[in-house]
1. Could you pull out every residue, at least 5 positions away or on a different chain, whose amide H is within less than 5 Å of the one on E57? Hs are placed 1.01 Å off N in the peptide plane, and Pro or chain starts have none.
2. Multiply the residue separation of K59 and I103 by 0.36 nm, subtract the distance between their alpha-carbon atoms, and state the gained length in nm to one decimal.
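Read-outs throughout are calculated quantities, based only on the coordinates presented, and are distinct from any laboratory measurement. Bear in mind the structure is a predicted one, so any value in this text is a computation, not a measurement.
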Amino acid sequence: MPDIRSNQKSSPNNSTCTFNGISSVQAGWIIVLLSVLTALAAIHTVGIDFHSSQKWEYKIASPSDLSFEKVMNEFGADDWELVTARRATSGSGYSRSASYEVILKRPVSTKREAR
């Protein structure tokens, strides 16, 4: 008596279930690839940059107390960003002078690299 539970032909390579011509293994890979693409799209949307290789150039300056604001505004106009500053004094008595020691940074740009 023939087996009526299966209409598939028996063959050694046909051991997996298929749905519209796609095997369960292929469907699994499709799900994995769609998950990876969804994760990459989410990362791009959030703005995470795994390949960021921002390069910085640094500058050390010592503007005086009297010209500090003017000099710092000039640095800012040239895209310099203040990293740290400390007030430094030199001399003694009436010949004492004060200035700031500042460290500045800015992104290296291809325009400035060409100079």
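1. Under 5 Å from the amide H of E57 lie the amide H atoms of R106, V108, each far enough along the sequence or on another chain.
2. Full extension from K59 to I103 adds 15.3 nm.
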